[in-house]
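Structure record follows, encoded as structure tokens.
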Amino acid sequence: MVQEGFLTLHRAGDDEIERIIALMERYQDTPMDLADASLVAAAETLTVSEVFAPDRHFYAYRMSDARAFTVLP
């Protein structure tokens, strides 16, 4: 899928890793795991608000500008 251009891999930079840590601290009562924090941080970096997340609790998370995600499916 990567070779055919249907899927792009994203690598977190240092700023994004710091954001992941901050998110996990902020949402520790949910609790937010590494996968969820990584998805939120990547979405913010890529300026994407539509995400695929099978976890129902993902609706509680917000982007840095307080916008809610559109969660698929």
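The values are calculated or read from the model by the stated rules, or taken from the named source; none is laboratory data. The structure displayed is predicted, hence computed values, not measured ones. Cβ coordinates were reconstructed from backbone atoms using ideal geometry, including for glycine residues, and neighbour counts include every protein chain displayed.
For segment 23-50, the set of residues classified as aliphatic (A, V, I, L, M) and closer than 15 Å to Asp65 by Cβ consists of Leu23, Val40, Ala41, Ala43, Leu46, Val48, listed by residue number. Give me the pairs: first residue in segment 7-22 and farther than 12 Å from Ala43 by Cβ, second residue among the acidic types (Asp, Glu) and surrounded by 10 or more Cβ atoms within 10 Å (Cβ to Cβ), beta-carbon distance under 7 Å, and six or more apart or on different chains, which are they? From residues that are farther than 12 Å from Ala43 by Cβ, there are no pairs.
Of the numbered criteria (1) modelled with pLDDT under 95; (2) in contact with a helix residue (DSSP H, G or I) (Cβ under 9 Å, 6 or more places away or on another chain); (3) of a type outside the set (Asp, Glu), the one Val40 fails is (1).
Residues that are assigned to a loop (DSSP other than H, G, I, E, B) and loosely packed, with under 11 Cβ neighbours inside 10 Å were ranked within segment 16-66; the one that is nearest to the chain's Cα centre (by Cα) is Thr47.
The requirement of being out of contact with any Pro (no Cβ under 9 Å at 6 or more places or on another chain), surrounded by 11 or more Cβ atoms within 10 Å (Cβ to Cβ) and not in a loop (DSSP other than H, G, I, E, B) is not satisfied by Ala12.
Looking across segment 32-64, not a single residue is at positive phi and among the aliphatic types (A, V, I, L, M).
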